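Quick one: structure below, then a few questions.
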Amino acid sequence: MKPFWHISRTFLFLIGFVILFTSTQSGCTNAYDGGYTAVSENYHAPSPMAEENPAFNTEEYDRIVENEFEDPNQSPYSTFSIDVDAASYANMRRFINRGKLPPADAIRTEELVNYFTYDYDQPTSEHPFSVAAEVSDCPWAPSHQLIHIGLQGKTIPTDNLPATNLVFLIDVSGSMQDPNKLPLLKQSFGMLVEELRPEDRVAIVVYAGSSGLVLPPTTGDHKLTILKAMDKLRAGGGTNGAEGIELAYSVAVDNFIEGGNNRVILATDGDFNIGQSSDAALERLIEQKRETGVYLTVLGFGMGNYKDSKMQTLADKGNGNHAYIDNLLEAKKVLVSEFGGTLFTIAKDVKLQVEFNPEVVKGYRLIGYENRLLADEDFNDDKKDAGEMGSGHTVTALYEIIPVGSEEETRDVDATRYQKTTRTTPLARGSGEMAHVKIRYKQPDGETSQLFDHTIRPTGTSVAQTSHDFRWSASVAEFSLLLRDSKFKANANYDQVLELAQGAVGEDKEGYRAEFIGLVKRARAISGDTPLVRNND
């Protein structure tokens, strides 16, 4: 005869199994009166320890193959699409704040540099942005030079922004249960709702195993109604992202505001596992939907199964932007402080093409933008998609230059057999120009691009005499080289990053630059790099 305690334990196990089975089979509760059902609050999140265990880590990042130095005699043009996304920076911060260095492929240098705003002049011409450029020595490679190119988008006061038609597309699948996912998402969207005006309207679509409209389009003066609908959302089930995207775009198109800001805001960890889940299928779906004139913003949440590469694809193909929300301060930055720039587009399909003068430049390397490169012929092709720029946005690009006269070799390419590539024009030989920047863009509702240009000349300015903008962007780029353990890092080191950054903080109202300095110090400690000079830090 088995002891009583053994029988009791078996009995309790059976009772627990019956309760779990019953709640799984019938425990769906109505999450909103509009008819969508989601798993009840009795469904518990897995242990947070799962996120710490590498065996459970299924995060995905596209491989980044860093740009090489190019010979302007062989490759005179550098062509790329602008990028104002900042997801990589917030994701990097998440890793460092948890005591780890991020994977190299999680570091997109242009997104780290463009996380910060810069003090460029507002445009004064008919074009919606201005261009600025500076040249100085390269801090991590003193025999090289660094070109800093900055674009400043026209700032439209929030009061003058057109009416907004937003559709929140919210992932409520089982993978979204953790505190830094759906709960943080709801708090983040709550901040955005508080910014809505009476002429704005919001709808909420959710998706898990199936999708549904939980809030029909509701004007911004009914904030309580919107907030209540979000508060009722619960996580559970699979992830049919494609079905949710179809429904969200349908709602946005049905309520389209001519001349307004029509946008789907997708919030997810990117873990699509039901329906059209391949990147190629989702890419084709989003390319089709962007023809409706509805833009896409993709907000990433969580860790452990974060699908960065998939969300980058969706944002790029949806005429939109991608941000990663790791805390409420980042939510405030993206959805409140930068509300107009993030959600209102002033120019689309913005492309840059830089031509380098081989009489001045022996070699050049675009720092970052690896997944934004375009073929040279794409620059004049208005059918080619490119990046979008929002109200007040700044875009910064950096080139590392090997000057003429250097004995350093660029890429080893055989001389051509049938043509000469070293002949230059009188303009190249006599103008003193270093590079020529051309920019193409379309109006938000236009299909034909417009062109304007800017000429860059070497200045002989020392790094110490450059602007705060130049030194700050250089410090962030150098930090990126260290995090990536780049083969181009040369003499880069954490102490030099800190010296550059600390001398270029400037006006830091929101404290983002001060936070960056703290992240550099943490990364230095994590890497085990002993500082040369501690400076009482």
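Kindly list, by first and then second residue, each pair from a residue in the range 381-394 that is within 24 Å of Leu161 (Cβ to Cβ) and at pLDDT 90 or above to a residue that is open to solvent by 20 Å² or more (accessible area, probe 1.4 Å) and of a type in the set (A, V, I, L, M), limited to pairs with Cβ atoms under 6 Å and residues at least 6 apart or on different chains.
These pairs meet every condition: His393/Val84.
Here's another thing I want to ask about it. Within the bounds of the range 215-229, is there any residue that is open to solvent by 20 Å² or more (accessible area, probe 1.4 Å) and at positive phi?
Within the range 215-229 (the criterion being open to solvent by 20 Å² or more (accessible area, probe 1.4 Å) and at positive phi), the answer is no, since none of the residues qualifies.
For the range 55-97, which positions are among the basic types (Lys, Arg) and open to solvent by 40 Å² or more (accessible area, probe 1.4 Å)? Full working, then the answer.
The initial filter retains those residues of the range 55-97 that are among the basic types (Lys, Arg), namely 63, 93-94.
Hit for the range 55-97 is Arg63, nothing else.
Considering only residues of the range 103-121 that are touching a strand residue (DSSP E or B) at 6+ places or on another chain (Cβ under 6 Å) and open to solvent by 40 Å² or more (accessible area, probe 1.4 Å), which is farthest from Gln443 (Cα to Cα)?
Thr117
While we're on this one: Mind counting the residues in the range 322-347 that are at pLDDT 80 or above and open to solvent by less than 20 Å² (accessible area, probe 1.4 Å)?
Total meeting the criteria: 12.
What residue, of Asp469, Asp485, is among the acidic types (Asp, Glu), modelled with pLDDT of 85 or more and surrounded by 15 or more Cβ atoms within 10 Å (Cβ to Cβ)?
None of the others qualify; the one that does is Asp469.
Another question, if that's okay. Within the range 490-506, how many residues are in contact with a helix residue (DSSP H, G or I) (Cβ under 9 Å, 6 or more places away or on another chain) and outside any helix (DSSP H, G or I)?
Total satisfying the criteria: 7.
I'd like the full set of residues that are under 21 Å from Tyr399 (Cβ atoms) and surrounded by 14 or more Cβ atoms within 10 Å (Cβ to Cβ), limited to the range 433-454. Working first, answer last.
Residues of the range 433-454 under 21 Å from Tyr399 (Cβ atoms): 433-441, 451-454.
Those that are under 21 Å from Tyr399 (Cβ atoms) and surrounded by 14 or more Cβ atoms within 10 Å (Cβ to Cβ): Glu433, Met434, Ala435, His436, Val437, Lys438, Ile439, Arg440, Tyr441, Phe452, His454.
With Ser136, Ser188 as the choices, which residue is open to solvent by less than 20 Å² (accessible area, probe 1.4 Å), more than 30 Å from Thr225 (Cβ to Cβ) and not in a loop (DSSP other than H, G, I, E, B)?
Of Ser136, Ser188, the one residue that is open to solvent by less than 20 Å² (accessible area, probe 1.4 Å), more than 30 Å from Thr225 (Cβ to Cβ) and not in a loop (DSSP other than H, G, I, E, B) is Ser136.
OK, next. On the basis of being open to solvent by 10 Å² or more (accessible area, probe 1.4 Å) and either out of contact with any Asp or Glu (no Cβ under 9 Å at 6 or more places or on another chain) or in a loop (DSSP other than H, G, I, E, B) (or both), does Leu427 make the cut? Steps first, answer last, please.
Details: open to solvent by 10 Å² or more (accessible area, probe 1.4 Å): yes; either out of contact with any Asp or Glu (no Cβ under 9 Å at 6 or more places or on another chain) or in a loop (DSSP other than H, G, I, E, B) (or both): no.
So Leu427 does not fit the description; no.
Quick test for you: out of Ser277, Ser250, pick the one residue that is at pLDDT 90 or above, polar (S, T, N, Q), open to solvent by 10 Å² or more (accessible area, probe 1.4 Å) and over 22 Å from Ser88 (Cβ atoms).
When all the criteria are applied, what remains is Ser250.
Please indicate, with yes or no, whether at least one residue in the range 236-248 is part of a strand (DSSP E or B) and touching a helix residue (DSSP H, G or I) at 6+ places or on another chain (Cβ under 8 Å).
Within the range 236-248, not a single residue is part of a strand (DSSP E or B) and touching a helix residue (DSSP H, G or I) at 6+ places or on another chain (Cβ under 8 Å).
The values are calculated or read from the model by the stated rules, or taken from the named source; none is laboratory data. Because the structure is predicted, anything quoted here is derived from the model rather than measured. Every residue, glycine among them, receives a Cβ derived from its backbone with ideal geometry; neighbour counts consider all protein chains shown. Surface areas here come from the heavy atoms of the whole protein model, side chains and all, with no ligands, DNA or RNA. Shrake-Rupley method; radii C 1.70, N 1.55, O 1.52, S 1.80 Å.
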